[in-house]
Amino acid sequence: MSSVIYKEIRNHGYSTVMPRASRTPIPEAWNSETIGQRIARLRKERGLTQKELAEKVGIIQVLVSDYEKGKLRLHAEMVVRFARALGIRADELLGLTSDVSKGTATKPDLKIMRRLNRIASLPPKEQKIMLKAIDGWLQASQRKAE
C-alpha cells in the first residue's frame, strides 16, 4: 500500500493530474495488520459476532465479513461508524496509534461484561456466592501460574 501525491500536468490547454509515489513513510502498523484484520481482532476482543457488529454499524453481516476480508475498502463514514461501534477512536482503527496495533484492548471484553451484568441482576445473597466462587477460581489460577 503506497501513498500517492498528485502532480498536475498541462497538455494542450487541458489539465491532467498524474499520481506519483509519496516520500512519506508508511506507519509501521499498516505493514503488520490490514484494517480488515484490525476490525476482526477488535470485534473478537470485545466478544462481538459479525452480526452484532453489523447491527451496531447499521449494515448487514455480509458487509462486515467483506470488510474484514479486505474485499471492500472503508470510506471515511464507515471508519467513523466502525470506530464508534467498537468504542475506539478512528485513528486507532486506522492503526495510527500504537495501542491498537499492539493488541491491547481499550475496553473490557464484552463477554465478561455480559456475565458481570447477569451476576449483578441476581439477588444479593446469590451475588455473594458467585463472587466468592470467582475469587476462589482466580486465587487457584494465580497459584498455578506461580
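Each value in this text was obtained by applying a stated rule to the coordinates, not by laboratory testing. Because the structure is predicted, anything quoted here is derived from the model rather than measured. A quick note on method: Cβ atoms are made from the backbone with ideal geometry, for glycine too, and the neighbour counts reach across all protein chains shown.
A few remarks follow.
- Here GLN37 and ARG114 are evaluated by their C-beta separation; at R0 = 22 Å the FRET efficiency comes out at 0.30.
- Across the range 27-101, counting alpha-carbon atoms alone, Rg and Dmax equal 11.1, 31 Å.
- Taking 7 Å steps out from each Cα toward its Cβ at LYS144 and THR49 produces label points 2.9 nm apart.
- Pairs exceeding a 30 Å alpha-carbon distance, out of LYS56/LYS144; LYS44/LYS132; LYS51/LYS125; LYS111/LYS132: LYS56/LYS144; LYS51/LYS125.
- Charge context of ILE134, other residues only, Cβ under 12 angstrom, K/R +1, D/E -1: +2
- Taking amide H positions as modeled 1.01 Å from N, with prolines and chain starts lacking one, no residue 5 or more places away or on another chain lies under 5 Å from LEU48.
- The ranking of ILE88, ILE39, ILE134 by Cβ neighbour count inside 10 Å, starting from the fewest, reads ILE134, ILE88, ILE39.
- Put in order of Cβ neighbour count within 10 Å, fewest first, the listed residues VAL57, VAL62 become VAL62, VAL57.
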